[in-house]
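For reference, the structure is listed below as structure tokens.
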Amino acid sequence: MKLEFRRRGILFVVSAPSGAGKSTLLNALRPGADFVYSVSCTTRVPRPGEIDGEDYHFLSAEDFARKLAAAEFLESAEVHGNHYGTLRAVVSEQLAAGVDVLIDIDVQGARQIRGDARTDIRASIADIFIMPPSLDELRHRLVKRGTETPEQIEVRLTNAATEMEAWRDYRYTLVSGSVEEDLQKFRAIMRAERYLSRRMILA
Ligand code: 5GP
């Protein structure tokens, strides 16, 4: 008799201070991705080149507040003065269908998901913190990216120091190196998580 294993989807929760190399890594993972990237809602204004519905669902403050009041978010937080939230329905449907989902959220959002009332959501989590090699390197990467004003960069650096204190709450910590190194480490984490016995269901 052939053994047929199924499993529920894994919720890969990725957090990093802004500029730690997370976006570069996530973009590099996209081609041929064997997971779904969850598109967050935000009240932030789009950066040049960002596409509505692809990078984020860009919402007005009113629309965001309406969704929040209707409990449509799995988690939500204010980050760097803007609101961000993950749509619960999208994530839980994919997980139930056995599809892995990756969400890119801040440390406050990750904390909320770890405390979610639903045990199946909590059990699905594989959380990964991406650390910049140093605060100097973080500043360097933010300046090089050129998408923030000097004032915004200072806000992000101050927030980064606070966010970095949360690394111990994550199952994995990945110190960012080259894109290639980060990709290899991240893929190794994904691969191992997919073989966890406790995720398996013997049909
Ligand atoms: P950015 O504005 O640079 O795209 O994102 C700023 C921060 O917001 C990043 O740390 C990112 O992880 C976080 N973020 C993006 N989407 C969400 C979300 O849906 N929920 C939470 N809690 N944080 C988010």
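Some notes on this structure:
- One Cα centroid belongs to the range 146-203, the other to the range 3-82; the line between them spans 14 Å.
- Reach of K22 by Cα under 16 Å, taken over lysines that are not fewer than 8 positions away in the same chain: K144, K185
- The range 134-203: chymotrypsin sites (Phe, Trp or Tyr not before Pro) falling in loop per DSSP and having at most 16 other Cβ within 10 Å: Y195
- Counting only Cα atoms, the range 5-195 measures 49, 41, 30 Å along its principal axes, largest extent leading.
- Long-range amide H partners of F73 with built H, under 5 Å: R88
- Cβ-Cβ FRET estimate between L135 and K2, R0 fixed at 45 Å, reported to 0.05: 0.25
- Fraction of beta bridges assigned by DSSP in the range 5-195 that are antiparallel (%, nearest 5): 30 percent
- Rounded to whole numbers, the Karplus 3J(HN,Hα) couplings from phi for the range 64-78 are 5, 4, 5, 5, 5, 5, 8, 6, 7, 9, 5, 7, 7, 7, 9 Hz, using 6.51 cos²θ - 1.76 cosθ + 1.60 with θ = phi - 60°, and x at Gly and Pro.
- Of the GluC sites (Glu not before Pro) found in the range 108-203, those that fall in a DSSP loop while having at most 13 other beta-carbon atoms within 10 Å are E165.
- Assuming charge only on the beta carbon of Lys and Arg (+1) and of Asp and Glu (-1), the dipole of the chain about its Cα centre is about 880 debye to the nearest 20.
- Expected 222 nm ellipticity per residue - DSSP helices of 4 or more, -39500 (n - 2.57), all of the chain, to 500: -12000 deg cm²/dmol
- Net charge over other residues, Cβ less than 9 angstrom from the Cβ of R8 (K, R count +1; D, E count -1): +2
- When the GluC sites (Glu not before Pro) in the range 34-135 are filtered for DSSP coil states and for at most 15 other beta-carbon atoms within 10 Å of their beta-carbon, the remaining sites are E50, E54.
Every number in this text was worked out from the coordinates using simple rules, so none of it is lab data. On a predicted model such as this, the values are computed, not experimentally measured, just so you know. Backbone-built Cβ (ideal geometry, glycine too); neighbour counts: all protein chains shown.
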